Amino acid sequence: MPTLEAWLGYLGIFGACVLFSSPLPTMSRIINSGSVEIISVINCGSWVLYALVTPDRQAPLITNLIGTAVNVAYVLVFAFNNPVQPQFKRKVLGALIFMAVVFGVVFGIVPRAGDWGDKSDAEVESDVLGSVSDVFNVLMYAGPLTIMSTVIKTKSVEFMPLALTIGTR
């Protein structure tokens, strides 16, 4: 008969296997659905830029650098498993162009477009970039709520993103 120590070891192995396999449903969903939720990459990237131009924002910088890395990994997983590469490349290119235009406007046009009182260009950039990042943040977290109609119709939480539900409480 195994000892308590052995059972705890087995439980630890099981827990580690569950932990290491936790991204698999997300990866499977990305591969099967053909969607990488590119808005998450845009959101985290915008917060990284915000943290870089705003003084004393190390915590959002670190958090969103990690978020950007994880979301880029999701995009790369999708890129390597996507049978329709041209469509995916157009989507990613479109997202990159969109980000470049938004940040070009924020850094190039907005600070010079009007009288901002006694605010410096850096303060205006920080304020506008923070607002843009807020919009992307709302889009990223509101996106999974579109699945609520499926959850309500099926009366099953099978389709509800558990990690997001727990993580945003």
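Observations on the structure shown:
- Inter-label distance, VAL53 to ASN137: 1.6 nm, where each label sits 7 Å from its Cα along the C-beta direction.
- Shape call, segment 56-101: gyration tensor on alpha carbons, a/c limit 1.5: oblate
- Extending 7 Å from the Cα toward the beta-carbon at both PHE14 and VAL151 defines two label points whose distance is 2.7 nm.
- Gain in span if fully extended, ASN81 to LEU65, counting 0.36 nm per residue against the direct Cα distance: 3.3 nm
Read the figures in this text as sums done on the coordinates, not as results from a lab. Predicted, not measured: the structure shown is a model, and the values here were computed from it. Cβ coordinates were reconstructed from backbone atoms using ideal geometry, including for glycine residues, and neighbour counts include every protein chain displayed.
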